[in-house]
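The values are calculated or read from the model by the stated rules, or taken from the named source; none is laboratory data. It should be emphasised that the depicted structure is a prediction, and the values quoted were computed from it without experimental measurement. Counting neighbours? That spans all protein chains shown, and the Cβs are built from the backbone with ideal geometry, glycine included.
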Amino acid sequence: MKFVAKTLYGLESVLSDELVALGASDIEKVNRAVTFRGDRDLLYRVNYCSRTALSVLMYVADFRIRTKDDLYREGSRIIWEKYLDPDDTFSIVPVVNSPLFSHTGYPGLILKDALADYFRNKFGRRPSVDTVSPRILINLHISNDNVTVSIDSSVVPLFKRGYRLEQATAPLNEVLAAGILMISGWKAPISFLDPMCGSGTFPIEASLLASNIPPGKFRKFFGFQRWKDYDPELFDRIRSEEDKNNYSFSEDIRQRYF
């Protein structure tokens with residue numbers, strides 16, 4: 001399977017190194033992202049372990065278009081029942097930079113119609129749109145005449161680690177903090193000092209890094225947990241493997257300092 005892990009500008013190399021360590025293959029750095037190949041195990045592991053990925057998308061289809069009709073036609077050729085059932089819900093997030101479309105939301109409506117008509121023609125009923133809590137979140141990316149359709153396996157951005165009980169004003173992005181730490185070469189037990197500490201993002205990310213605690217440890221949800229082929233036993237095994245060699249904070253310490 002082919003995936004793309006999104007990140008912040010300048011962190012592509014750091015993310016690439018993370019993906020190599022996690023076992024990814026065919027890695028290619030692009031602007032604000034890294035593409036790679038792997039299996040379901042790797043997909044779950046990257047979501048749980050990557051400190052510098054913002055989200056992980058699974059490729060569904062890629063093609064070229066000349067008109068809006070091409071987008072509908074190619075979208076209708078995707079085998080959509082592999083990813084959701086007629087009674088499920090979905091939402092489409094379009095990212096469009098193309099002279100073929102004057103409105104960024106319009107291509108999303110075209111792909112929505114293609115998906116709905118596909119199910120209606122094949123099953124007599126269609127999935128519903130749910131922009132709040134969909135079963136799957138579809139990413140539609142169009143650059144000039146190149147189209148990529150993907151499914152978001154993270155949904156909630158991965159910088160939302162899940163360890164914060166309260167949010168300070170304008171906090172530093174956790175992915176950016178982790179990326180800066182990794183680029184700096186800092187490693188425990190070297191002393192760590194943050195004289196401009198506001199919401200504590202640098203010290204927290206440093207402690208997670210020093211303790212080898214996966215950044216997804218405190219999260220309650222990943223998008224792939226709603227997928228048709230979600231394997232809870234596999235994910236439990238991955239979490240056990242990754243948590244085995246780290247110091248786990250007690251609930252008392254987490255409540256007091258995180």
### I142 being in a helix (DSSP H, G or I), touching a residue at least 40 places away in the same chain (Cβ under 8 Å) and of a type in the set (A, V, I, L, M, F, W, C)
no
### Query
Just one of the numbered conditions (1) closer than 24 Å to G10 by Cα; (2) buried (at least 16 other Cβ atoms within 10 Å of the Cβ) is not true of V147; which one?
(1)
### Message
Here are the criteria: (1) in contact with a Lys or Arg (Cβ under 9 Å, 6 or more places away or on another chain); (2) among the charged types (D, E, K, R); (3) within 30 Å of I110 (Cβ to Cβ). Tell me which single one K160 does not satisfy.
### Response
(3)
### Message
Looking at S153, S184, S133, can you tell me which residue is exposed (fewer than 14 other Cβ atoms within 10 Å of the Cβ) and under 20 Å from S50 (Cα atoms)?
### Response
S184
### Query
If you check I78 against the conditions, is it out of contact with any Lys or Arg (no Cβ under 7 Å at 6 or more places or on another chain) and not hydroxyl-bearing (S, T, Y)?
yes
### Meets criteria (surrounded by fewer than 18 Cβ atoms within 10 Å (Cβ to Cβ), part of a helix (DSSP H, G or I) and out of contact with any Leu (no Cβ under 9 Å at 6 or more places or on another chain)) for D17
yes
### Task
At least 1 residues that are out of contact with any His (no Cβ under 9 Å at 6 or more places or on another chain), over 12 Å from A5 (Cα atoms) and in the same structural domain as L208 (by TED's automatic domain parsing) in each: list the helices (runs of 4 or more DSSP H) lying fully within the range 20-136 that qualify.
40-49
### Query
Of the residues S102, S76, S55, S98, which single one is crowded, with 18+ Cβ neighbours inside 10 Å, among the small types (G, A, S) and either touching a strand residue (DSSP E or B) at 6+ places or on another chain (Cβ under 6 Å) or more than 30 Å from E18 (Cβ to Cβ) (or both)?
S55
### Task
Report, by residue number, each residue of the range 180-191 that is modelled with pLDDT under 85 and within 12 Å of L209 (Cα to Cα).
K187, A188, P189
### Message
Just to be sure I understand, how many residues within the range 5-37 are under 30 Å from R73 (Cβ atoms), under 15 Å from the mean Cα position of the chain (by Cα) and of a type outside the set (F, W, Y)?
### Response
6
### Summary
Subset of the range 157-179, residues of a type in the set (V, I, T) and either modelled with pLDDT under 95 or out of contact with any Phe, Trp or Tyr (no Cβ under 9 Å at 6 or more places or on another chain) (or both), comes to T169
